[in-house]
1. Using a 1.4 Å probe, what is the accessible area per residue for the stretch B:16-92, in Å²?
2. Would you kindly find the accessible area of A:Tyr183, with a 1.4 Å probe and non-protein molecules such as ligands, DNA and RNA excluded, rounding to the nearest 10 Å²?
3. Explain nothing, just compute: Karplus ³J(HN,Hα) = 6.51 cos²θ - 1.76 cosθ + 1.60, θ = phi - 60°, for every residue of the stretch B:72-88 in order, whole Hz, x for Gly and Pro.
4. Using the Cβ atoms and a cut-off under 15 Å, what net charge is assigned to the surroundings of A:Leu51, where Lys and Arg are +1 and Asp and Glu are -1?
5. Which of A:Ala114, A:Ala25, A:Ala90 moves the most in a Gaussian network model of chain A with Cα springs under 10 Å?
6. Of B:Thr160, B:Thr22, B:Thr140, which has the largest mean-square fluctuation in a 10 Å C-alpha GNM of chain B?
7. Averaged across A:31-37, how many Cβ atoms of other chains sit within 10 Å of each residue's Cβ atom?
8. If you take the square roots of the eigenvalues of the alpha-carbon gyration tensor of the stretch A:170-273 and sort them as a ≥ b ≥ c, do you get rounded (a/c under 1.5), prolate (a/b over b/c) or oblate?
Amino acid sequence: MFAFTYHRPDTVTAAVDLLRAHEEAKPLAGGQTLIATLKQRLAAPSDLVDLSGLPALRAITLADGRLIIGAIARHADVEASPTVRESLPALAALAGLIGDPAVRNRGTLGGSIANNDPSADYPAACLALAATIVTDRREIAAADFFTGLFETALEPDEIVVQVSFPLGGEGAYEKFRNPASRYAMAGVFVWRGDASLGETGVRVAVTGAGQGGVFRWSEAEAALAGAFNPAALESLGLPADEMIADIHGGGAYRAHLVREMARRAVARLMAAAA
Amino acid sequence: MQPNAFDDASFPYSPARALSLTVNGSAVSVTADVRTLLVQLLRDDLRLTGTHVGCDTSQCGACTVHVDGEAVKACAVLAVQAEGCAVLTIEGVATGEKLHPMQEAFREHHGLQCGFCTPGMILSAMDMVRRHGPVLDETTVRAELEGNICRCTGYHNIVTAIVAGARAMGAAPAHGVD
Ligand SMILES: Cc1cc2nc3c(=O)[nH]c(=O)nc-3n(C[C@H](O)[C@H](O)[C@H](O)COP(=O)(O)OP(=O)(O)OC[C@H]3O[C@@H](n4cnc5c(N)ncnc54)[C@H](O)[C@@H]3O)c2cc1C
Ligand code: FES
Ligand code: FES
C-alpha cells in the first residue's frame, strides 16, 4: 500500500472540501473494493476520506412514492430492511446475492455504483428501476450515470449521497454467479410497469456480460412489451462479440446466460402476479 | 510498531496515528501506520494470532472477526476504520476455560481438522445467529458459509456443528464479550 492520509469528516460539506483540497483524494466507503485495490498498489490516493462518520447517509426511507437509500447503507442493511422488503422486494433480494455475509456487512450501495464494476449487481437495478443518483451537488438519472467500464458521471470530488428509486410496478432480478468470485457472470433485472395504472413499459438491464458494462437490452424490452412471457425472448440473441469473454466463459456463452436469466426473471414476475 | 508485514520497506510510511478501540473487552490504545490492516493490528501488534490470513484477497474468511458485533474480513478493513469500535476475535469468545457454545459444538461434532479456518468459521457462525436467530436449517448455513473456505473437512461437520451450536446459543445465557 502506498502512503496516504486518513480523514473521517462528520459532514458531507467537510468531506467534499477534503476531496477538493487534495487532488488525489478518494472517498472510502465499505472498502470492500478500494482496500483490495490499495493493497495491490493499483491506486495511490494521497488522502482517504472515510464516509463512515456520516451516519445520516445510512438511512433508508420512503418519501413521495420513492424509496430513498443512503449511499453508505450496507448491502446487509438493504437485504434486511423491512422498508425495502415491502416496497421493493427484488432490491432486497439482489442485495442478499452480493458477495458473502462479511462483504455485505461492510460494502455499500454508493461504493458499488461509484465503482461501476461491469459485473456488479446494483447498477442493473438502478438502470431497470430508473433510479436517480443524488450527489452532494446534483441529481443524475441512472441512464446518464453509468458511462462505461468502471466509469461514471461523477466528478473526482463528488460524493453520492443517496439513491432514489421510484416505486410502482414490479421487478425481479436473476443472477448467474461465478461460483468463485460470486460476482455476476450474467445478471438481469426486469421491471414491469403496473398495467392497472396504465403503465405498460418494460425495462431490462443486464450486468456481468456486456463489454461496456451494464446496459439496457432494448430488443428484449420491445418483445416483452408485446407479449410478457419467457417465450417472447426465445428468438432474441445478443451479439457474442459484444459480450465479455474471459477464462470463465466466452461471448456466446454469456449471451446465452443473459437470455436465460431474462427468461427466469420474467417467469418469476409472472408467477408473482398469478 | 514493527514493519508492516504486507509491504516492503521501499515505500515511505504514512503518518503514524494514535488509535483507540476495544478488543475482546479490553481498551487498547496504539500508534500505528494508517495503512495497517485490522488483521495486522490484531496479529502483529496485539499478538492475537488466532485470527488467520488464508488469502489476503477477501475470499477465504480465515480472518473473520466481529466489529461492533458484525462479522467482517479483517484483511479488508483498515485498523483506523475500527477506531472507537468493539472488536471480538476468537481469543475473546470463550469465558475463561469454558468454551462458547459454538466452539463446544465444533468440538463435539468434529467441525475441524487442521483448524486453520475454524476461528473464522466460529465468528461467522455467531454472526448467522445474530441475523437469523438460533434455529438454522442446513440450507441457510450452507448459503451463509459462502465466504468461509475450508480445505479439510468437506464442510459437512461444520454445517452440523453450526446448526447445533446455534441451538445451544439460543438455550444458553449470553456468552462472549461482543
Ligand atoms: C469477496 C467479494 C465478493 C464480492 N461480490 C460481489 C458481487 O457478487 N456483486 C457485487 O455487486 N459486488 C461484489 N463485491 C463488491 C462489493 O459489493 C463492494 O462492496 C462494492 O463494489 C464497493 O462498495 P464499498 O462500499 O466497499 O466501496 P469502497 O471499496 O469503499 O469504494 C469503491 C469505490 O467507490 C468510491 N466511493 C465509495 N463510496 C462513494 C460515494 N458515496 N460517492 C462517491 N464515490 C464513492 C471509492 O472512492 C472507490 O473508488 C464483492 C467484493 C468482495 C470482496
Ligand atoms: S485472509 Fe481475509 S478473507 Fe482470506
Ligand atoms: S479445518 Fe483445515 S481448513 Fe478447515
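The values are calculated or read from the model by the stated rules, or taken from the named source; none is laboratory data. Since we're looking at a predicted model, the values are computed, not measured. Reconstructed Cβ throughout: ideal geometry from the backbone, glycine too, with neighbour counts over all protein chains shown. Ligands, DNA and RNA are stripped out before the accessible areas are found, and what is left, the full protein with its side chains, is counted by its heavy atoms. Shrake-Rupley method; radii C 1.70, N 1.55, O 1.52, S 1.80 Å.
1. Numbers: 2250 Å² over 77 residues.
Here the per-residue accessible area is 29 Å².
2. 100
3. Karplus-based 3J(HN,Hα) across the stretch B:72-88 equals 9, 8, 5, 7, 10, 9, 6, 4, 4, 5, 9, 3, x, 9, 9, 9, 10 Hz.
4. Values: positive: A:Arg8, A:Lys26, A:Arg58, A:Arg74, A:Arg106; negative: A:Asp10, A:Asp17, A:Asp47, A:Asp50, A:Asp77, A:Asp136, A:Asp157, A:Glu158, B:Glu83.
Once all neighbours under 15 Å are counted, the net charge is -4.
5. A:Ala25
6. Highest fluctuation of the listed residues: B:Thr140.
7. Mean shielding by partner chains, rounded to a whole number: 4.
8. Here the stretch A:170-273 falls in the prolate category.
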